Amino acid sequence: MKVPQFMSYVGDEEYIAIESCFKRNWITEGPKTEEFHSQLLELTGAKYGVFAPNGTLAIYLGLRALGIGPGDEVIVPDFTFLGSASAVEMTGAKPIFADVNRTNFQIDLESADKVLTAETKAIMPVHIYGTSVEMDDVLQFSKKHGIQVIEDAAQAIGVSYKNKHAGTFGDVGTFSFFADKTITTAEGGFLTTNDQQIYTRLRYLRNQGRIERGSFIHPEIGYNFRITDLQAAIGIVQLSKLNEIKIKKQKIYEYYKERLGKIEGLHFFEPNPNADYIPFRVGLLVENATEIMSYLGEQNIETRSFFYPLHRQPCFHHLVKDIENIDEKFANSEYAYRCGICLPSFPGLEISQLEYVCSKLKKYFAG
Ligand SMILES: *Cc1c(COP(=O)(O)O)cnc(C)c1O
């Protein structure tokens, strides 16, 4: 048996939806994009939204709409996908890393407090691994320090915190529809905001410095951050499956927990009790993670480590090189990387595959 880490949950319905764009002969942003847009606003409850080509560029666009650029600093959790921080670099601002908490690896505000400077313009809570950051605390923090909030909700579509959708608490929220996210458009991104001025800036920035297409007069400098109706067509079908995907992923998590939960020295990623949980990946924490991952690899089970701490990234050496005892400042992000294992947990995973993974893990721990 072979168990891959991830497989996209796309099929005939998505294929037929793309075909309908060809039949209508409309492939760029058009009726499908408009429909997907209003469905996403309905789902998130946000007032305004715009698409972006992917999640990384959605963050970049959001930061630019907040006026962030050279000379500014943005606090980013040390434990996240690289794109959260590279989008900050792209604006010319500096990403400044903060540690995360020990249970679900969301940004730690005590650590964030220590890296605040006069240049800090924003904080970026990243809703990591399918649950939400404790947003009440982030909003209190940002208010106290007079900084803006950009939420990276790339992994949190469908996830609410205290009955409000992730990504709608701060000044802007960003989403990704890459192939391995909860729902996909192959590549794609979305931004939400409740602020009309930010929304207007987003529209100018994403559409060549003008509001509508078809005019050659460009009042501002802007770029091309459009998507296509082909992607939106896939997105509409995916969104109709969101509840099904959520249930499947939660069942996979429950299955793993039931079969493996009692093993000593093995812990599961713990979602925020104030939020929903749509497992992005089922995360395990064990001391000998590297050994277990290679053991599972030998059994044709594909695992992934957790994220590599950003302060250790070779591409960010220039940001952290002079700091002493740097790893100690990021004890929890270090722990996540050292002990974390992502188990296969995609919606199409079969019971027989799940059972296979569990039996191999049980066998490993039985010695
Ligand atoms: C996937 C992801 C991104 C980047 O999204 P892309 O669409 O791949 O550019 C950013 N942040 C987080 C937390 C992600 O998981």
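The values are calculated or read from the model by the stated rules, or taken from the named source; none is laboratory data. Since the model is a prediction, treat every value here as computed from it, not as a measurement. Heads up, the Cβs are rebuilt from the backbone with ideal geometry, glycines too, and the neighbour counts pull from every protein chain shown. SASA here: full protein model, heavy atoms, side chains in, ligands and nucleic acids out. Shrake-Rupley method; radii C 1.70, N 1.55, O 1.52, S 1.80 Å.
For beta carbons closer than 7 Å, sequence separation of 6+ or different chains, a first residue in segment 262-283 that is within 15 Å of HIS165 (Cα to Cα) and a second that is modelled with pLDDT of 95 or more and part of a strand (DSSP E or B), the qualifying pairs are ASN274/TYR161; ALA275/SER160; ALA275/TYR161; ASP276/SER160. Selection over segment 50-67 of residues that are within 9 Å of the ligand (Cβ to nearest atom), open to solvent by 20 Å² or more (accessible area, probe 1.4 Å) and not aliphatic (A, V, I, L, M) gives a count of 3. Here is the figure for segment 28-49: residues that are of a type in the set (Lys, Arg) and open to solvent by less than 10 Å² (accessible area, probe 1.4 Å) total 0. When we screen THR80, THR33, THR44, THR28 for residues that are within 16 Å of the ligand (Cβ to nearest atom) and either closer than 24 Å to ALA336 by Cα or β-branched (Val, Ile, Thr) (or both), the only hit is THR80. Scanning segment 99-110 for residues that are under 17 Å from the mean Cα position of the chain (by Cα) and of a type in the set (A, V, I, L, M, F, W, C) turns up VAL100, PHE105, ILE107. Taken over segment 93-132, the residue count meeting the criterion of being in a helix (DSSP H, G or I) and more than 24 Å from ASN325 (Cα to Cα) is 3.
Conditions (1) small (Gly, Ala, Ser); (2) buried (at least 18 other Cβ atoms within 10 Å of the Cβ), marked per residue:
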residue	(1), (2)
GLU270	no, no
ARG281	no, yes
THR290	no, no
SER305	yes, no
TYR308	no, no
HIS311	no, yes
CYS315	no, no
GLY340	yes, yes
GLU350	no, no
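Residues that are within 11 Å of the ligand (Cβ to nearest atom) and either aliphatic (A, V, I, L, M) or within 23 Å of LEU139 (Cβ to Cβ) (or both) within segment 177-209 comprise ALA179, ALA186, PHE190, listed in sequence order.
Scan segment 5-27 for residues that are hydrophobic (A, V, I, L, M, F, W, C) and either under 15 Å from ALA232 (Cβ atoms) or open to solvent by less than 60 Å² (accessible area, probe 1.4 Å) (or both) and jot them down. Matches in segment 5-27: PHE6, VAL10, ILE16, ALA17, ILE18, CYS21, PHE22, TRP26, ILE27. Residues that are within 14 Å of the ligand (Cβ to nearest atom), closer than 22 Å to VAL74 by Cβ and either touching an Asp or Glu at 6+ places or on another chain (Cβ under 8 Å) or modelled with pLDDT under 95 (or both) within segment 152-171 comprise ALA166, GLY167, listed in sequence order.
Listed here are the residues, each with its yes/no results for (1) over 12 Å from the mean Cα position of the chain (by Cα); (2) over 19 Å from ASN272 (Cα atoms).
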{"position": "GLN140", "(1), (2)": "yes, no"}
{"position": "PHE178", "(1), (2)": "no, yes"}
{"position": "PHE190", "(1), (2)": "no, yes"}
{"position": "GLN197", "(1), (2)": "yes, yes"}
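With respect to the conditions (1) out of contact with any Gly (no Cβ under 7 Å at 6 or more places or on another chain); (2) within 16 Å of the ligand (Cβ to nearest atom), GLN140 lacks only one, and its number is (2).
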